[in-house]
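Have a look at the structure below before the remarks.
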Amino acid sequence: MAKQLQPKVSELVEILIQQVSQFEKKIDERNKILTESISKLKNIRVNFNVEELEEMKKSNRKILNEDFNNFHCQTVKNNKELLSIHKKISSKRLFYILFLNVFLFSIAGISIYFAIENKIQKTEFNTLQKENNYLNQYFLENQKESLKYKKWLDK
């Protein structure tokens with residue numbers, strides 16, 4: 001394999017110096033061009049006609065006013081359409097929607113009431129079952145008392 005030659009530091013420094021000198025030349029050229037442009041700009045005189053500017057101002061204002069009037073007319077037209085649609089929708093349909101909401105909320109309230117009531121009854125039922133289990137256990141242990149209780153129930 002051939003050995004690749006790496007550039008020496010002195011060669012790199014030489015290349016860098018050449019590039020820096022070229023860069024400085026370009027900067028000098030740009031500076032000359034800029035100074036010439038600035039001196040030319042200093043010599044330029046601008047004259048403008050005030051009457052012509054006033055006429056342009058008036059014409060632009062007239063165009064702007066016409067655009068605003070068109071926009072205003074279009075907005076008024078759109079508002080009238082929206083108002084008519086709103087009146088059609090809002091009267092009877094709004095009443096029906098309100099009535100439907102009240103009906104659904106009342107059904108939901110009644111459902112919640114019955115759910116809570118049934119839960120309370122279920123807990124009472126569970127406590128009664130526990131008491132009934134105690135009674136059954138008592139009657140199993142005391143047969144005489146069980147017979148007396150059955151006779152009492154038959155009366």
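Compute, for the chain, the length of the dipole vector about the Cα centre, with Cβ point charges of +1 (Lys, Arg) and -1 (Asp, Glu) only. Units Debye, rounded to 20.
740 debye
What is the sum of charges, Lys and Arg at +1 and Asp and Glu at -1, for the other residues whose Cβ falls under 11 Å from the Cβ of LEU64?
+2
Compare the Cα positions of VAL13, LEU147, ASN69 along the charge dipole of the chain (+1 at Cβ of Lys, Arg; -1 at Cβ of Asp, Glu; about the Cα centre) and return the one farthest towards the positive end.
The one lying farthest along the dipole's positive direction is LEU147.
With the crude spin-label approximation of a point 7 Å out along Cα→Cβ, what separation in nm comes out for GLN18 versus THR127?
Each label point is offset 7 Å from its Cα along the Cβ direction, giving 10.6 nm.
With a sphere of radius 15 Å drawn around the Cβ of GLN74, what net charge do the other residues whose Cβ falls strictly inside it have (Lys, Arg +1; Asp, Glu -1)?
Local net charge: -1.
How large is the dipole of segment 1-88 about the Cα centre if only Lys and Arg carry +1 and Asp and Glu carry -1, each at its Cβ, rounded to the nearest 20 debye?
So the magnitude is around 460 debye.
Please give the Cα centre distance for segment 66-140 versus segment 3-43, rounded to the nearest Å.
Centre-to-centre distance over Cα atoms comes out at 82 Å.
Once a ≥ b ≥ c are taken as the square roots of the eigenvalues of the Cα gyration tensor of segment 1-89, is the result rounded (a/c under 1.5), prolate (a/b larger than b/c) or oblate (a/b not larger than b/c)? Provide the component values of the computation, followed by the final result.
Working: a/c = 11.11, a/b = 2.02, b/c = 5.51.
Oblate, since a/c reaches 1.5 and b/c is not below a/b.
For the chain, take the longest principal axis of its alpha carbons; what is the angle in degrees between that and the long axis of helix 9-43, to the nearest 10 within 0 to 90?
80 degrees
Can you match Kirkwood radius over Cα pairs in Å to one of these, (1) 15.7; (2) 30.4; (3) 19.4, based on a calculation from the structure here?
(2)
With the cut-off at 32 Å, tell me which of the pairs LYS130/LYS151; LYS8/LYS32; LYS92/LYS119 have Cα atoms farther apart than that.
Too far apart for the 32 Å limit: LYS8/LYS32; LYS92/LYS119.
Averaged per residue, what accessible surface does the chain expose to a 1.4 Å probe, in Å²?
Accessible area per residue: 105 Å².
Quick one: if the Förster radius is 41 Å, what FRET efficiency do HIS86 and ALA115 give, using the C-beta to C-beta distance and rounding to 0.05?
0.55
Among ASN49, ASN78, ASN132, flag the residue with its Cα farthest along the positive direction of the charge dipole of the chain, charges on Cβ as +1 for Lys/Arg and -1 for Asp/Glu.
Result: ASN132.
Angle, helix 92-141 long axis vs. longest principal axis of the chain, Cα atoms, 0 to 90°, nearest 10?
40 degrees
Taking Cα atoms, how many degrees apart are the long axis of helix 143-154 and the longest axis of the chain, rounded to 10 and kept between 0 and 90?
That helix lies at roughly 90 degrees to the long axis.
The values are calculated or read from the model by the stated rules, or taken from the named source; none is laboratory data. Please read all numbers here as calculations on a predicted model, not as lab measurements. Cβ sites come from the backbone with ideal geometry, for glycine too, and all protein chains shown count toward neighbours. To get the accessible areas, we keep the full protein, side chains included, count just its heavy atoms, and leave off ligands, DNA and RNA. Shrake-Rupley method; radii C 1.70, N 1.55, O 1.52, S 1.80 Å.
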